[in-house]
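The values are calculated or read from the model by the stated rules, or taken from the named source; none is laboratory data. A quick note: this is a predicted structure, and the numbers were derived from the prediction, not measured. In this analysis, Cβ positions are derived from the backbone assuming ideal geometry, glycine residues included, and neighbour counts consider all displayed protein chains. We work out accessible area using only protein heavy atoms, side chains counted, and drop any ligands, DNA or RNA first. Shrake-Rupley method; radii C 1.70, N 1.55, O 1.52, S 1.80 Å.
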Amino acid sequence: VNLNQRGYAGEEAQIEVALNDRVILTEPTRFDERSELSIPIDYVPDTTGELQLVLRLTPLDDESTLENNTYRKTIRVIDEKVKVLLVFGRPTWEYRYLFGALKRDARVTPKVVLESLDSRSIRRARNDTYLTRLPSVAEQLSEEFDLVVLSAINVLTLPTAFHDALKGFVLDHGGGLVVLSDRTHVPYTMKRTVLEELLPVTLGESTGATYRDEWSSPDTHGSALAITEEGLANPLLAFSGSREENRDIWEKFPPVFRCYSGGRLKPAAVSLLLSATNRFRQSSPAIVQQAYGRGTVLFMGFDSTWRWRREYGDRFYREFWGKVVQFLGLPHLLDEAAQTSLFVS
């Protein structure tokens, strides 16, 4: 619940939360000098369907009007899981942390294609979490998944049928795609493939680093993160209802290493997070969002969000990835395209 107030620092009030005229929670709060206050409230509904959510704030002394003390919104409660496909070449740290977080999330069903894993081991284990083959047509991909995460894999080794299926999945079926940049393969190997068109950033002629570079030229200089004005307005990056507090949170995040810096924003792309990449403190897009057809593509120029969990625990890591799943995968699950298209003839 986000509250806005002026002149009531030190005052106490009570928030009342109701669903379909049934009070489900009351939460006391005290205003401080901040004009914006964000209060987390956790509640698991006991029914599904469309519900009327009502938030009320008890009246305070000398209020000029009470009309803005009540907020109403119709919400939709579902009991279905977002199906996520992780396509990785090797079990990077990002993969390990992300897969673990998704497995613990009751709202998500994760499946994995891990190129380095022997398919014979998968068959012997009879574990349906790991897949031995990728969907070859967009309809199959759309039927089985809502969101695809691609990272740490040579895209050129993937079947071209999957390339076309993934493009159609996003373009025509409203699926979500997250492209996690790694130092070696992604997004470099997407150059001159049909998947390059999905990216919200252009690809230069540079190539990824080799494993030998990992040993001979390790990255020793981190890049600070800075949230953009568009990022502050986007709920995907919101850890607080206060813009100032949210900006401060991102600025205190640990620096990122190996952030992709070889591309420029495409016309329809929106830069949400920036990374300073060199000694001149020039910035490159670190998180970029773009509508592509009926779906959405999120490009991340780094694959080290796992460091957030090491530094802060689950506070920011699970919340961020939970929102990624929600905003990119949920529209497909609900058959509600993230974007509306107008066709004029």
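Roll a 1.4 Å probe over the protein heavy atoms and report the accessible area of T92 in Å², nearest 10.
Per-residue accessible area (T92): approximately 10 Å².
Can you tell me the dipole magnitude for the chain around its Cα centre, using point charges on the Cβ only (Lys, Arg +1; Asp, Glu -1), in Debye to the nearest 20?
Here the chain has a charge dipole of around 1620 debye.
Could you check what % of the DSSP bridge pairs in the chain are antiparallel, to the nearest 5?
Bridges in the chain are about 65 percent antiparallel.
In Å², what does the accessible area per residue of the chain work out to with a 1.4 Å probe?
Computed with neighbouring chains in place, this is 54 Å² per residue.
Given 0.36 nm per residue, what is the gain on full extension from D128 to T70 after removing their alpha carbon distance, in nm?
Contour length minus the Cα-Cα distance gives 16.1 nm.
Hey, rough spin-label estimate for K252 and Y43, points 7 angstrom out along Cα→Cβ, what's it come to in nanometres?
3.0
Between T202 and N2, what is 0.36 nm times their sequence separation minus the Cα-Cα distance? Round to one decimal in nm.
Extra length from T202 to N2 when fully extended: 68.3 nm.
Would you work out the relative contact order for the stretch 36-191, in percent, from Cα pairs under 8 angstrom that are 6 or more residues apart?
Relative contact order of the stretch 36-191: 19 percent.
What translational diffusion coefficient, to the nearest whole µm²/s, does the stretch 4-155 have by Stokes-Einstein, given a Kirkwood radius computed over alpha-carbon pairs, a temperature of 4 °C and 1.567 mPa s viscosity?
Result for D is 65 µm²/s.
Based on Cβ point charges of +1 for Lys and Arg and -1 for Asp and Glu, what charge dipole magnitude is obtained for the stretch 9-83 about its Cα centre, in debye rounded to the nearest 20?
540
Per residue of the stretch 247-254, what does 6.51 cos²θ - 1.76 cosθ + 1.60 with θ = phi - 60° give for ³J(HN,Hα)? Whole Hz please, x for Gly and Pro, Karplus curve as stated.
Karplus values, whole Hz, x for Gly and Pro: 4, 5, 4, 5, 5, 8, 4, x.
So what's the gap between the Cα centers of the stretch 226-251 and the stretch 168-207, to the nearest angstrom?
With the stretch 226-251 and the stretch 168-207 each reduced to a Cα centre, they are spaced 26 Å.
Could you work out how far helix 93-104 tilts from the main Cα principal axis of the chain, as a 0 to 90 degree angle to the nearest 10?
Between the helix axis and the principal axis of the chain, the angle is about 50 degrees.
Between R264 and L232, what length in nm is gained on full extension when 0.36 nm per residue of separation is reduced by their alpha carbon distance?
Full extension of this stretch gives 9.4 nm more.
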